[in-house]
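Each value in this text was obtained by applying a stated rule to the coordinates, not by laboratory testing. Predicted, not measured: the structure shown is a model, and the values here were computed from it. Reconstructed Cβ throughout: ideal geometry from the backbone, glycine too, with neighbour counts over all protein chains shown.
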Amino acid sequence: MQQLTEAVEMGNLTDAKRLTDELLKAGKAPLEIVEQGLSPGMANVGEKFKSNQIFVPEMLIAARAMKEAMSHLEPLLVRAGITPKYTVILGTVQGDLHDIGKNLVGMLLKGANIRVVDLGINVTPDQFVAAVKEHNASIVGLSALLTTTMLAMKTTIKALRAAGYDSVKVLIGGAPVTAQFAEEIGADGYAPDAASAVDMAKKLVTA
Amino acid sequence: MNDRQRFNATMHYQWRDRVPICDLGFWAETINVWKQQGLPGWVSGGYDTTTTDEFFGMDAYIGGPNVNVGLCPPFEHLVIEDRGDHELVQQPDGVQVLRKKYMGSTFHPERHLLVDRASWQKHYKPRLDPDTPSRYPDWDEARRCWQNSDYPRPRVISGGSLYGWLRDWMGCEQISYLVHDDPALFEEVVTTITDCIVEVHQRAFDNGAQIDACAMWEDMCYSGGPLLSPETFRKYLVPQYQRITEQLRRHGCDVVWVDSEGNIEQLIAPWLEAGVNCVFHVEVGTWRQDPVDLRRRYGRDLLMMGGFDKQLLAGGKNRIEAEIQRLAPIVDEGGYIPFCDHRVPPDVTMSNYMFYLHTARDVWAKQVNLKPFGALATSDPVRSPTASDT
Ligand code: B12
């Protein structure tokens, strides 16, 4: 397990795959591999990223290794009927096409064993509302990188509330976004980076 | 003093009549909005700042003959696919982007031609050949400018980009994977780009180039810091930057700036090691980068341009004036040319910008030898001052 955690941290694709297969063969449960092998790896990566010990490339590489390992585990988890407890609908708001930051947030959320439905970029308020309904989500994560598209966050929150989703938590982030802005537009949480996004998401669902 | 003398004196902490008053520019949308607020019709926004410079009485921080150190010839402009109100086009750098028709300013990259060694060798490497004649200006004409000691504008040569171009050509994710998966190819690409820059510069120097500054572009930081670790930066990029900056210094050019937005903090030290001594447009951002703080920590070794928080322009006049005053001591000290930390966005009113500029001209430039400042349109919005001056 420890080795798998390290392989993810180092972004070692081949090792991550091999070790996952070995653990499965040795009879480890898929969920255990996720929770004790992969997730701690991604959590470490997120912490190191937050404290500037590693940077965007290292994080992308680690996430790629985790994704590869997950592709071996996911079918088994589905077959066993094991699904993550919480679902986050994630997307870059309308008019905005930046997705690198949002993708990192998605990767760490998945790493923390939270289900992520990624709607991609340029997502309209209606699409967010529809996805919340379809996936019975607990959190909506909105990303915006442009000062102009930040305003679409407000519209999206309004649309969610108007559709009656008052208890769905809205978490926002992106370079121009601040905690103050989050408060102004009635978001439930803000996080400055991907690792804090995971902490905040957990906090919001347990609050 | 002309713009060039003032620029050089400022960058060398020498006496000058006043600091240059410049700006990075304005979004096209900003200028359009300001036209309803009295800005004359002949002023236009966007990347070409000729008319805004003229209207606002700006000094030049760039000029002189230039060479092309980039992809030559550029990729052909092609409309690859018509998708109704959008079109997929090939840009000059080979990247295929999806953009809204008639509204060229926003785009999204869909396909990158540079994906591996084969595509590098086929599409990009041949375009980094210093022998391509279209890289060079007419040498006789260029020499006349270089030898003219009264040349009015700073003579700035472009120094290209060692990471930023590659990031654009491949996409942020793919370049990140490349550094990890095939460092040899990454190194080869960066070395080839540098070979081209150094050789093209050499030919300019052989033809008598006298350069005041060299401008590089990277845009390699975001709100959280650099898009590449300082370690990778030092390992692969610093040695290449050094080849460029050492050659420049041998030929008398000791101001090398790098244009990068975002939170550049962690790259300042490696840039200084690399011989890049000026940071261009110091973006304040939500991470609160501050020229006063940078001066305190890096001293006079670090030259700076930009660093005035454009967000303040959308707020109250008191805060604009307070910030101008706060920056004044380092403006007076030299080695710093203050201007907005990015293009002025449309939420800034014309009246606020005018207030900023008036105050800057008062406090920073002390109203000494300033260029005429345009007046808001009254009767004839299409009349150009150049037309009437000549
Ligand atoms: C890469 C980039 C691009 C790429 C995007 C590629 C892609 N697939 O995403 C391309 C080239 C396409 C692009 C296009 C444009 N861009 Co751009 N871009 C950038 C750049 C350099 C880096 C952004 C980035 O990826 N950072 C890395 C990631 C990891 O950081 P991040 O996104 O901030 O995410 C972190 C946190 O914010 C947070 N986070 C992010 N999302 C979320 C979501 C939640 C829920 C939470 C909790 C947290 C969170 O966690 C992340 C990880 O820690 C920034 C510079 C900057 N200063 O940010 C400009 C920048 C964002 N772009 C800008 C502009 C203007 C544009 C264009 C309009 C340019 C043009 N003329 O076409 C277009 C707009 C296209 C559009 N409609 O969206 C401006 C925005 C200015 C403004 N004030 O609005 C910036 C700031 C550059 C600048 N200073 O001018 N861009």
Value of relative contact order over chain B, rounded to a whole percent, pairs C-alpha under 8 Å and six or more apart: 22
Out-of-range pairs (alpha-carbon distance over 18 Å; input A:Lys17/A:Lys67; B:Lys125/B:Lys235; B:Lys100/B:Lys310): B:Lys125/B:Lys235; B:Lys100/B:Lys310
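From the Cα gyration tensor of region A:87-206, with a ≥ b ≥ c the square roots of its eigenvalues, which class applies: rounded if a/c is under 1.5, or else prolate if a/b is larger than b/c, or else oblate?
Numbers: a/c = 1.22, a/b = 1.03, b/c = 1.18.
Judged from the Cα gyration tensor, region A:87-206 comes out rounded (a/c under 1.5).
Using only C-alpha positions, report the orientation-averaged shadow area of the convex hull of chain A, nm², one decimal. Numbers along the way, then the final one.
On the way: hull surface 43.9 nm².
Averaging across all directions leaves 11.0 nm² for the Cα convex hull.
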Within the protein assembly as shown, percent of DSSP bridges classed antiparallel, to nearest 5: 30
Under-5 Å amide H pairs with B:Ile337, H placed in peptide plane, nonlocal only: B:Met304, B:Met305, B:Gly306
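If you take the C-alpha gyration tensor of the protein assembly as shown, multiply each eigenvalue by 5 and take the square root, what semi-axes do you get, largest first, in whole Å?
Working: eigenvalues 395, 182, 101 Å².
Rounded to whole Å, the semi-axes are 44, 30, 22.
Estimate the FRET efficiency between B:Glu273 and B:Ala328 by the formula 1/(1 + (r/R0)^6), using the beta-carbon distance for r and 30 Å for R0, to the nearest 0.05. Display every interim value, and only then the final one.
On the way: r = 31 Å, r/R0 = 1.02.
It comes to 0.45.
Calculate the translational D of region A:2-79 in whole µm² s⁻¹ from Stokes-Einstein, where the hydrodynamic radius comes from the Kirkwood formula applied to all Cα pairs, the temperature is 25 °C and the viscosity 0.890 mPa s. Before the final figure, lay out each step's value.
Numbers: Rh = 12.2 Å.
After rounding, the answer is 201 µm²/s.
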18 Å reach of a label modelled at B:His77, 7 Å along Cα-to-Cβ, counting backbone N of region B:39-63: B:45-49
Spacing of the two label points (7 Å from each Cα toward its C-beta) at A:Glu184 and B:Glu87, in nm: 3.8
Distant-in-sequence amide H partners of A:Gly95 (H built 1.01 Å from N, under 5 Å): A:Asn122, A:Val123
Cα→Cβ-extended label distance, 7 Å offset, between B:Asn318 and B:His358, nm: 1.9
B:Lys235/B:Gln36 FRET efficiency (R0 60 Å; Cβ-Cβ; nearest 0.05): 0.70
A:Ala130-A:Leu97 FRET efficiency (beta carbon distance; Förster radius 25 Å; 0.05 resolution): 0.75
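What is the extension gain from B:Lys101 to B:Glu187, computed as 0.36 nm multiplied by their sequence separation minus the C-alpha to C-alpha distance, in nm to one decimal?
Numbers: separation 86, 0.36 × 86 = 30.96 nm, distance 3.76 nm.
Result: 27.2 nm gained on full extension.
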Rg and Dmax [Cα atoms of chain B; Å; Rg one decimal, Dmax integer]: 21.4, 64
5 angstrom amide H check on B:Val67, placed H, neighbours 5+ away: B:Ser158
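For a 23 Å ceiling on Cα separation, which of these pairs sit above it: A:Lys110/A:Lys158; A:Lys133/A:Lys169; A:Lys158/B:Lys101; A:Lys110/A:Lys133?
Details: A:Lys110/A:Lys158 27 Å; A:Lys133/A:Lys169 14 Å; A:Lys158/B:Lys101 30 Å; A:Lys110/A:Lys133 20 Å.
Table pairs above 23 Å Cα-Cα are A:Lys110/A:Lys158; A:Lys158/B:Lys101.
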Simple spin-label estimate for B:Glu141 and B:Arg127 in nanometres, 7 Å along Cα-Cβ: 2.5
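Restricting attention to region A:38-144, which trypsin sites (Lys or Arg not before Pro) occupy a DSSP loop and are surrounded by at most 10 other Cβ atoms within 10 Å?
Those satisfying the criteria are A:Lys85.
So what is the calculated 222 nm ellipticity per residue for chain B, using -39500 (n - 2.57) for each DSSP H run with n of 4 or more, over all residues, to the nearest 500 deg cm²/dmol?
Working: 13 runs with 140 residues, N = 390.
Result for chain B: -11000 deg cm²/dmol, rounded to the nearest 500.
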Label zone at B:Phe373, where the point sits 7 Å out along the Cα-to-Cβ direction: region B:35-70 residues whose backbone N lies under 17 Å: B:38-40, B:52-60
Integer Hz, Karplus 6.51/-1.76/1.60 couplings in order for region B:15-26, x for Gly and Pro: 4, 9, 5, 5, 7, x, 10, 9, 8, 6, x, 9
